[in-house]
Structure formats: C-alpha cells, structure tokens
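To start, the structure under review is shown below, and the notes come after it.
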Amino acid sequence: MSYTLIICLILIGFILLALEILVFPGTSVAGILGLAALVFSVYETFATHGNMAGWIVLSCVIVASLVLIIFLLRSKTWRKFQLDASIDGKVNVDAEKLRVGQEGVAVSRLAPMGTIDVDGVFYEAQSVLDLIDQRTPVKVVRIEGSKIWVRPCPPPASKEPDSLMEGPC
C-alpha cells in the first residue's frame, strides 16, 4: 500500500470522526468507520513499510488526534455552531383587557388549545368542552391569570340555555 493511500485513509478517518461529532452524533456509524480507517492505515503501514514507518505514522495519528480533540473542545469552536437568538415572545400579555363574556373567533383549531381573536387581538385559549374548529365563534367563559377558557357559541336557532356553558353568545 502506498503512502498516498495511507494518508488518504488517515484523512478519511479524521473526516468521519469529525462528522460523527458534528453532524450525526449518536449514530456511531461514521465514528466506527473513522476509527476503522485510522487503525487500518496504521496496520497497513506496519505491514507494508516496516516498523520505523509504522511508528512514525502511529505517532502522527496520535498527535493529530490530540490536536483535533483540543481544537474541538475549545469553547470558541462551538460558538460558531450555537444558536444566538433568544425567544422573546409572550402569551396572553393583554389578558387583563379581556373579560368573561366577550366574544371572538377561533383563529386555529382548539384541540383543546389554540388561538382565538377577540376584538383584533390574538390570545392563546383552551376549550372547556370539545374540540373547536377554526373560524368558529367562541365566548370567553373563564380567565385565570393568563389562562383563558372558551366555549363555542351555539348556532342561532338553538334551544334555551340549560347551563352557563350552553348559553347564547
């Protein structure tokens, strides 16, 4: 086996190990193949070029492995890969403006939670009964802090209300 092929196997081994760490962590396939390529290249160097060349290649592989590990464990290396954005969204910050009995429309399906629109303001709400389909008229029946419970408004030709939960909107 020529030195060119041995060097290519070593480079492929390091590339596969880096891919295992950075791209597919936990799969182990790339890591095992990378280690196998490194071990095979060192073995072939000993077998075809003798002990002196084998020890030189082995020491180069060990030094390169240590340099790669130190480089990958530095904190500046990982800052290039980390997410810097922060989540600054809030749910129902205007809930104190909302009152029990106000009517709105389900913007998304409430299964059992979803988004409602009351007077042009979007709120995260929960259905007290069943699932509520999108674009269904809803009525606010309870508010606790930032949690809002709604029920669907019955069709216009419905019967008299039997309870608080079944009244007209």
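Values quoted throughout were computed directly from the atomic coordinates according to the rules given, and no laboratory measurement underlies them. A quick note: this is a predicted structure, and the numbers were derived from the prediction, not measured. Quick reminder, even Gly has a Cβ in these numbers, built from the backbone with ideal geometry, and neighbours come from all protein chains shown.
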How high is the FRET efficiency from residue 111 to residue 84, r the C-beta distance, R0 25 Å, rounded to 0.05? 0.15
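Just flag the trypsin sites (Lys or Arg not before Pro) in segment 1-92 sitting in loop per DSSP whose Cβ has no more than 15 other Cβ atoms within 10 Å. Intermediate values should be presented prior to the final figure.
Details: sites: 74, 76, 79, 80, 90; in loops: 74, 80, 90.
Hits after loop and neighbour filter: 74, 80, 90.
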How much length would be gained if the chain were fully extended between residue 100 and residue 43, taking 0.36 nm per residue of separation minus their Cα-Cα distance, in nm to one decimal? 12.8 nm
Net dipole in debye of segment 95-154 [+1 Lys, Arg Cβ; -1 Asp, Glu Cβ; about Cα centre; nearest 20]: 100 debye
Arranged from highest to lowest average of other beta-carbon atoms within 10 Å per residue, in what order do the peptides 33-41, 2-10 appear? 33-41, 2-10
